[in-house]
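Visitor: Please find one structure pasted underneath; my questions will follow.
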Amino acid sequence: MVNCRECEYEINQATEICPHCGADLTSLPGELTAPAKKPTLAKILLRWGMLLGVLLAAMWSFLWFVVSPRTGNLTAEAEGNAIVAIEDVYAQLHSYAQVRGGAYPSDLEQLGPQVRQAAQLAQSDGYQLQYTPGPSEADGGIHN
């Protein structure tokens with residue numbers, strides 16, 4: 001039997017915690033636990049700087065991902081879409097006329113959903129398709 005170094009009660013030698021006062025008997029009496037050091041201002045600023053850098057990089061990456069497809073020449077892209085829409089309508093009109101012996105429809109609705117989608121594509125870019133049926137030109141071209 002030994003005595004507890006805190007409360008001086010007699011306890012078993014193999015006891016790690018005193019049953020009377022609750023003292024931890026595993027550490028040696030001369031050991032002192034080092035107090036936790038407070039971080040310096042430089043470390044605090046470094047941590048906040050790194051956190052801010054990661055946050056800004058994440059925001060920049062998100063914006064680049066979302067905005068990048070629209071960074072080209074918007075006018076040229078809109079005109080390209082309108083040209084594709086006109087070519088689709090022209091191809092459908094030409095096919096319709098071949099099947100009907102040279103006759104053209106009275107309106108574009110008769111050509112089906114593909115022409116309707118082409119017209120909607122042109123309208124979404126600010127263009128309007130107008131169709132006026134008439135006799136075909138000798139060169140088969142589209143005229144204003």
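The values are calculated or read from the model by the stated rules, or taken from the named source; none is laboratory data. Since the structure is predicted, the reported quantities are computational estimates derived from the model, not experimental observations. Positions of Cβ are backbone-derived with ideal geometry, glycine not excepted, and every protein chain shown enters the neighbour counts. Protein only, heavy atoms only, side chains kept; ligands, DNA and RNA dropped before computing areas. Shrake-Rupley method; radii C 1.70, N 1.55, O 1.52, S 1.80 Å.
Visitor: With each label point set 7 Å from Cα along the Cα-Cβ vector, what nm distance links E109 and R47?
Guide: My value for the distance between the label points is 6.9 nm.
Visitor: With θ set to phi - 60° and the Karplus curve 6.51 cos²θ - 1.76 cosθ + 1.60, what are the ³J(HN,Hα) couplings of the stretch 94-107 in order, to the nearest whole Hz, using x for Gly and Pro?
Guide: 5, 5, 4, 5, 5, 5, 9, x, x, 8, 9, x, 6, 8
Visitor: May I pose another question? What number comes out for accessible area per residue over the stretch 1-132 if the probe is 1.4 Å? Units Å², please.
Guide: For the stretch 1-132, the per-residue accessible area is 82 Å².
Visitor: Once you place label points 7 Å from the Cα toward the Cβ at K38 and V66, how far apart are they in nm?
Guide: If labels sit at K38 and V66, their model points lie 4.1 nm apart.
Visitor: Hey, can you grab everything whose amide H is under 5 Å from the amide H of I11? Only 5+ residues off in sequence or another chain; H modelled, so Pro and N-termini drop out.
Guide: It is V2, N3, C4, by chain and number.
Visitor: While we're on this one: Considering only the other residues whose Cβ falls under 12 Å of the Cβ of I17, what net charge follows from Lys and Arg at +1 and Asp and Glu at -1?
Guide: Details: positive: none; negative: E6, E16, D24.
Around I17, the charge tally is -3.
Visitor: Given points 7 Å out from each Cα along the Cα-Cβ axis, report the M1 to Y96 separation in nanometres with one decimal.
Guide: Between M1 and Y96, the label points sit 11.2 nm apart.
Visitor: Still on this model: Amide H of I17 versus every other amide H placed in the peptide plane: which residues, excluding those fewer than 5 positions away on the same chain, fall under 5 Å?
Guide: L25
Visitor: Hey, another quick one. Run the numbers for S27 and Q128: contour at 0.36 nm per residue of separation, minus the present Cα-Cα distance, in nm.
Guide: Contour length minus Cα-Cα distance gives 27.7 nm.
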